[in-house]
Each structure stands twice: as C-alpha cells, then as structure tokens.
Amino acid sequence: MAQAQRKQQARDWPFEVKPLHPVLGCEITGITLAQAVEPTMFGKVYEAFLDYELILFRDVDLPPATQVAFARRFGEIQIHVMNQYQKYPEFPEIYMLTNADKDGKPTGKHPDKGTLHWHTDGSWRERTGQATMMYSEIVPPAGGETEFADMYSAYDNLPAEMKKRIEGKRAIHNLDFSRTRRHGEDPMTAEQKAKVPPIAHPIVRTHPETGRKAVFLGDHAQEIEGMDYDEGRALIEELNVLITPQDQVYTHVWSPRECMVWDNRCTLHRATGFDEANHVRVMRRCTINGDRPY
Ligand code: SIN
C-alpha cells in the first residue's frame, strides 16, 4: 500500500508513525519497544506492521534474552538450520551476523554473502518467514545498509503479459542452491541439507492477513516447476530485477541500537557491502515462522 493510500485509512494508534519511504516502512515513536509488545498495545503495533510492511524503533536497549522474548510476540521463532550462526547456546533463536573475531576485531570475511542478494527470509522452508526482527549492535561507518523492496507494488506494476506468464507457476526454493552460489566457500553440511530439501512455492502469493497479492521470489528460488531449467533460471533472473526497481526501494542506514521488524511475505531485502577488513558490523536476527504460501 502506498503511503498516500495509508493516510486515508482511519487508524486509531496511541503512537506516532513517521513514514521512511513513499512505498514502505515507518518509524514508530511515542512508545518504547517494551510498551509496543505489551498485550494492550501489540494489536495496534501489528496493524502498523501490516500497513507499512516494516517498522522501526530507534535507541532501543535489547539484550539477547529480551529480543527473543519480544520476537515471540510475533510468533514461533525459527531455529535456523545453519547452526554455525548461533552464537548464544542459550538462545538458538538468534542468528548472528558478525564479522568480529573473539577480540572484537574485524575478521575480513563477510559473515553471509547470501544476504547481499535480494531474498526473503526462510523462503526455502515449507513454512516461510513471517517477520524478521533485526537489531543493530555495531554498524560500520559506511555501507552495511539494508535495502527493502515492496512486493505488493512489484506485483501491481508487472506488465500484464508477465502476470499472465507467471500465473499459477511455482518456483522451487533451495537454500543449498543459494548458499553454494553466493557463499560456496562455506557450504552446507550433508546434515543441514537433509533438513531443508527444496520446496515449491507460488511465484504470486496471497498475503494471509491482508489478502493482497505479492510476488514471492528472490535469490533462494532455483528453478520453476515444470519448466526447462535454463528457461526457468532466465525467468527468475528477469523477475528478480523487474520487481526491485531502485525508486521502489527503501535503503535503511543503520545506527547502533535500532530494532526493525519486517514482513517477509510482502518484501524482499538485501544487505549492502562494507569494508569487512577494517570495520565491524554486528547484527542479531530472529525470524518468525509463517504459513505455507498459497
Ligand atoms: C538478512 O538478509 O536477513 C540480513 C540483512 C542485513 O544483514 O542487513
């Protein structure tokens, strides 16, 4: 939903929202994140999450235990199959994106190069990501932003001929495919692969809560069911570009202590690069399990 349309909706929220971009995203002010997850407030905050697809709270104190507790308000948290990203044994729900070594110095390695390409979290699972809550601990002085693209308008803006071409089609999402392609120096183990076999999801999904249609694709999509592999790959590549035009993209420049929650069912996101050899970036992520797309 474009911001202009949103303004016309009567919303009775006991907090302020500041749009971050004409197409998606808002900052919530006037309440703290701790207040936002209280039972009496959460329903309204969730409305803002559905309307804006991405909500941001600044200047938040969010230790790992609190992050897990708050993320649980959105639903069941995924325990990621790539368990080498679980840095807190007591909180396997947290996926840590960090290039800091044990002394806090940069390792020179990007933690997950797959995140640098447009994707939606957990699209390689049967129950794909509903929301992701990400917290910024340390951010580099340049780069390391996160970009977001709205998949409702991506669908609305597709040429009629393309809508027809993809109608009823399903893409096969496969974490092993994207991991090998983007971060092949550190591939999945046989055990990890066995836990998340490739899975087909509709390319156009209906958001289970808003009822709106959205494109559901991104970098984990390997091939198109029932289509010649190369033809399917070409179509996926074409669509992934078509659905992420720069003027429809919100780029979030992080400051430390920010907490953002985005809706994986109607957005794609990707991180931008940074100088991993000289600067540190530490982000903590919890992804909440959603439904099987339809
Ligand atoms: C992600 O892709 O889930 C993380 C994005 C980021 O590191 O900015």
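Miscellaneous remarks
- Cα gyration tensor shape for the range 65-205, rounded if a/c is under 1.5, else prolate or oblate: prolate
- Estimated purely from DSSP H runs of n ≥ 4, each contributing -39500 (n - 2.57), the mean residue ellipticity at 222 nm for the chain is -7000 deg cm²/dmol once divided by its residues.
- Within the accessible area of the chain (1.4 Å probe), percent carbon and sulfur: 51 percent
- The chain - accessible surface per residue (Å², probe 1.4 Å): 43 Å²
- Here the chain is treated as a Stokes sphere of Kirkwood radius computed over C-alpha pairs; at 37 °C and 0.692 mPa s its diffusion coefficient rounds to 168 µm²/s.
- Among complete DSSP H helices in the chain, none has alpha-carbon atoms stretching at least 30 Å along the helix's long axis together with a mean Kyte-Doolittle hydropathy reaching 1.0.
- Considering only 15, 239, 217, and ranking their Cα positions along the charge dipole of the range 2-289 that arises from unit charges at the beta-carbon of Lys, Arg, Asp and Glu, the one farthest toward the positive end is 15.
- The range 110-158 and the range 170-197: distance between their alpha carbon centers, rounded to Å: 17 Å
- The chain: Lys pairs at Cα distance under 17 angstrom, eight or more positions apart or on different chains: 9
- Taking packing as the residue-averaged number of other Cβ atoms within 10 angstrom, the listed peptides 19-28, 104-113 run from highest to lowest as 19-28, 104-113.
- Translational diffusion of the range 22-100, µm² s⁻¹ [Kirkwood Rh, Cα pairs; Stokes-Einstein; 20 °C; 1.002 mPa s]: 152 µm²/s
- Amide proton proximity set for residue 131, modelled H, under 5 Å, gap of 5+: 264, 288
- Relative to its residue count, the range 168-294 spans a Cα convex hull of 159 Å³ per residue.
The values are calculated or read from the model by the stated rules, or taken from the named source; none is laboratory data. Everything quoted here is computed from the prediction, not taken from an experiment. Note that each Cβ is placed from the backbone with ideal geometry, even for glycine, and that neighbours are counted across all protein chains shown. All accessible areas refer to the heavy atoms of the entire protein, side chains included, with ligands and DNA or RNA removed. Shrake-Rupley method; radii C 1.70, N 1.55, O 1.52, S 1.80 Å.
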